[in-house]
Amino acid sequence: MPAPHNVVKSALAEAKVQIGLWLALGNPTTAAIAAGAGYDWCLIDGDHGRTAVLNVLEQVRAIDGQGAAPVVRISADAQGLMQDVLDLGVQTLLVSGVETEADVNAVVQATRYPPTGTRTLSELTMRASNYGAIEDYAATANDQICVLIQVSSRTGLENVSALAEVAGVDGVFLSASDLCASLGHLGQPECPEMVGVIEDAIDKIKLAGKAPGIVTFKSDALKRYADRGVTFLGVGGDATTYAKAVRDLATSAAAVVQRGAEVVQLHDPNRTKTNRSN
């Protein structure tokens, strides 16, 4: 029995748009709700906050079988955690902290078994092989690992074509907020210069035959990115979605209660009597 088929990897190779949600809350319950909501992938953020491997495991278990594929973001300098995440059965990684071809080659090697890589073998004791039940896991796992690299800095942006061309890279994710900061446009991803920079990078990634990726929290930018050819498309996050929903609910509920109080006051018999006596 071979390693499970990676639907995200194959879809990106066919240039099919895969939409996903950023998971920052680190909660298995909210992860399960998100995974069953209709997204192609849900990304567990192991970069910000350095999510522990056991927390990743809890979220992966919650996501499994709900419809979305789990993706984990991790820093290139955390290769020990990278090994652990792969052993949990996660097949798609988004790796931050890369700027050069050497950085990217090291990441690709860390995700592959020898002779092409340096990933260590523990197939009888890891969840990825169902603890040895997937007998051909080690022989077939390399082909199902999807590596997405994150470009966040001016140096990475300058090298984006070379990074995308590294063998074993499936896609390049553009961190718009970090790139804005690096290029002197902090908090302005929609300014004309940044739009041009990002679109140029998307074109270079596509030219290399790899999947461009980005996340946006603005609905009006989604179609522009999809039309440009972004296929790994983050459409928001659990924390921002939850925060907006609960704030909107509080505002609308307060308005309803206030209107109700005004109606009650208008129909207060004591108030009516007083008015008549005047």
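The values are calculated or read from the model by the stated rules, or taken from the named source; none is laboratory data. Because the structure is predicted, anything quoted here is derived from the model rather than measured. In this analysis, Cβ positions are derived from the backbone assuming ideal geometry, glycine residues included, and neighbour counts consider all displayed protein chains. Just so you know, the surface numbers come from the protein's heavy atoms only, side chains and all, with ligands and any DNA or RNA stripped out. Shrake-Rupley method; radii C 1.70, N 1.55, O 1.52, S 1.80 Å.
In the stretch 142-173, of all residues being closer than 15 Å to V8 by Cβ and not β-branched (V, I, T), the one that is most open to solvent (accessible area, probe 1.4 Å) corresponds to D143.
Considering the stretch 75-95, the residues that are assigned to a strand (DSSP E or B) and at pLDDT 95 or above include one that is surrounded by the most Cβ atoms within 10 Å (Cβ to Cβ), namely V95.
Scanning the stretch 192-242 for residues that are open to solvent by 20 Å² or more (accessible area, probe 1.4 Å), assigned to a helix (DSSP H, G or I) and among the aliphatic types (A, V, I, L, M) gives V195, V197, L207, L222, A226, A239. What number of residues within the stretch 69-111 satisfy the criterion of being charged (D, E, K, R) and without any contact (Cβ under 8 Å) to a residue 24 or more places away in the chain? Within the stretch 69-111, residues that are charged (D, E, K, R) and without any contact (Cβ under 8 Å) to a residue 24 or more places away in the chain number 1.
Would it be correct to say that A176 is modelled with pLDDT under 95 and either surrounded by 14 or more Cβ atoms within 10 Å (Cβ to Cβ) or of a type outside the set (S, T, N, Q) (or both)? Please lay out each step first, then the result.
Values: modelled with pLDDT under 95: yes; either surrounded by 14 or more Cβ atoms within 10 Å (Cβ to Cβ) or of a type outside the set (S, T, N, Q) (or both): yes.
So A176 fits the description; yes.
Restricting to the stretch 34-58, name every residue that is open to solvent by less than 20 Å² (accessible area, probe 1.4 Å) and either at pLDDT below 90 or under 20 Å from S96 (Cα atoms) (or both). Of everything in the stretch 34-58, those that are open to solvent by less than 20 Å² (accessible area, probe 1.4 Å) and either at pLDDT below 90 or under 20 Å from S96 (Cα atoms) (or both) turn out to be W41, C42, L43, I44, D45, G46, V56. Do you know which residues across the stretch 115-166 are small (G, A, S), in contact with a helix residue (DSSP H, G or I) (Cβ under 7 Å, 6 or more places away or on another chain), farther than 27 Å from V195 by Cβ and part of a loop (DSSP other than H, G, I, E, B)? Across the stretch 115-166, the qualifying residues are G117, S122.
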